[in-house]
Amino acid sequence: MIRQASAIAMLLSAAGPVGAVVLDGEILRQSGTGQFVKLDPEDVFAVGEDTFDTDHLYAFDEDQNIVLDRAIRVDIGGEMGVIPGGTTVASHYVFFDSVRGRHYGYVYFDAPILGVAAFQDTMAATDFLANNEVVYLSTELRGLEEGDQVWIDDEDPHKLWVYWAGSSPGDYIRVFTEWSPGGHMM
C-alpha cells in the first residue's frame with residue numbers, strides 16, 4: 001500500500017503544476033441560454049470589444065501564486081479595500097459578454113477570495129497579474145456596468161456571486177484568491 005501511494009505521489013509530482021483553480025460555476029437564473037464556461041488561458045483568444053457576444057458566464061485563471069511586491073487596491077474585500085504587499089495571490093478573470101442577457105450565478109474557486117477589482121482603475125492597476133497569452137481589448141471599458149453586482153459569499157469565501165446584465169462591451173472583473181493549492185508558484 002505504501003509503495004502504491006509513493007508511486008502515485010511520484011507520478012503527480014512529475015506531471016508538473018496544475019493551474020485549474022477556477023473549479024466550477026453555474027448560472028442559476030437568466031434571460032438567455034448561457035452556461036458556465038471555463039476558458040484555458042493557454043489557448044490564444046481575445047477578451048473585450050464584444051469578442052464573445054454570448055449569454056455564457058466565463059472565467060479563466062491568470063497568474064497563480066505570485067507574491068505581491070506592493071499592495072493592491074480592490075473594490076470588494078481586502079483589508080479596508082487593500083490586499084497588502086507580501087501576500088501570495090492567484091488572479092482570475094470573470095466576465096459576461098452578452099448583447100442583451102442577464103444572469104445570476106456564481107464562480108467557485110479552490111482557495112478563499114481575498115478581493116475583487118470591479119472597476120476600470122483597479123483592473124488597470126492589476127494588469128501586471130495577468131501573465132498569460134490572452135489578448136485584452138478595450139481595457140478602458142472594463143469593470144461593472146451600472147446596476148451590476150458581484151459579492152463574496154458570506155458563508156463560503158470560495159464562492160463569488162454575480163448578478164449582471166450584458167450589453168456592449170460587457171462586464172469584466174478580476175478576482176484575487178489566497179495561495180491556490182491547484183496553482184503553481186511564480
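The values are calculated or read from the model by the stated rules, or taken from the named source; none is laboratory data. Just so it is clear, the structure is predicted and the values come from calculations on it, not from any experiment. So basically every Cβ, Gly included, is an ideal-geometry build from the backbone, and we count neighbours across all protein chains shown. Surface areas here come from the heavy atoms of the whole protein model, side chains and all, with no ligands, DNA or RNA. Shrake-Rupley method; radii C 1.70, N 1.55, O 1.52, S 1.80 Å.
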Task: the chain, accessible area per residue, ligands and nucleic acids excluded (1.4 Å, Å²) - done: 50 Å²
Open item on the list: Keeping all protein chains in the complex and leaving out DNA, RNA and ligands, what accessible area do you get for SER180 with a 1.4 Å probe, in Å² to the nearest 10?
Closed with: 0 Å²
Open item on the list: Rolling a 1.4 angstrom probe over the protein chains, ignoring ligands and nucleic acids, what is the accessible area of GLU133 in square angstrom, nearest 10?
Closed with: 120 Å²
Task: At q = 0.17 Å⁻¹, base-10 log of I(q)/I(0) for the chain (Debye sum, equal scatterers on each alpha carbon) - done: -1.05
Task: 222 nm mean residue ellipticity, helices alone, for the chain (DSSP H n ≥ 4; -39,500 (n - 2.57); rounded to 500) - done: -3000 deg cm²/dmol
Task: the range 62-167, accessible surface, carbon-and-sulfur percent (1.4 angstrom probe) - done: 50 percent
- [ ] Working from Cα positions, state the angle (0 to 90°, nearest 10) between the long axis of helix 2-14 and the longest principal axis of the chain.
- [x] 50 degrees
Task: Solvent-accessible surface ranking, highest first, for HIS92, HIS158 at 1.4 angstrom - done: HIS158, HIS92
- [ ] With an 8 Å cut-off on Cα pairs and a minimum separation of 6 or more residues, tell me the relative contact order of the chain in percent.
- [x] 30 percent
Open item on the list: Please give the Cα centre distance for the range 32-91 versus the range 97-118, rounded to the nearest Å.
Closed with: 9 Å
Open item on the list: In the range 78-186, if the dipole is taken from +1 on Lys/Arg beta carbons and -1 on Asp/Glu beta carbons about the Cα centre, which of LEU129, SER180, GLY101 is farthest to the positive end?
Closed with: GLY101
Open item on the list: Under the rule a/c < 1.5 gives rounded, and otherwise a/b versus b/c splits prolate from oblate, where does the range 145-186 land using the Cα gyration tensor?
Closed with: oblate
Task: Cα coordinate range in the range 90-168, projected on the principal axes (Å, largest first) - done: 35, 31, 21
Open item on the list: If I ignore ligands, DNA and RNA and count only protein heavy atoms, how much of ASP153 is accessible to a 1.4 Å probe, in Å² to the nearest 10?
Closed with: 30 Å²
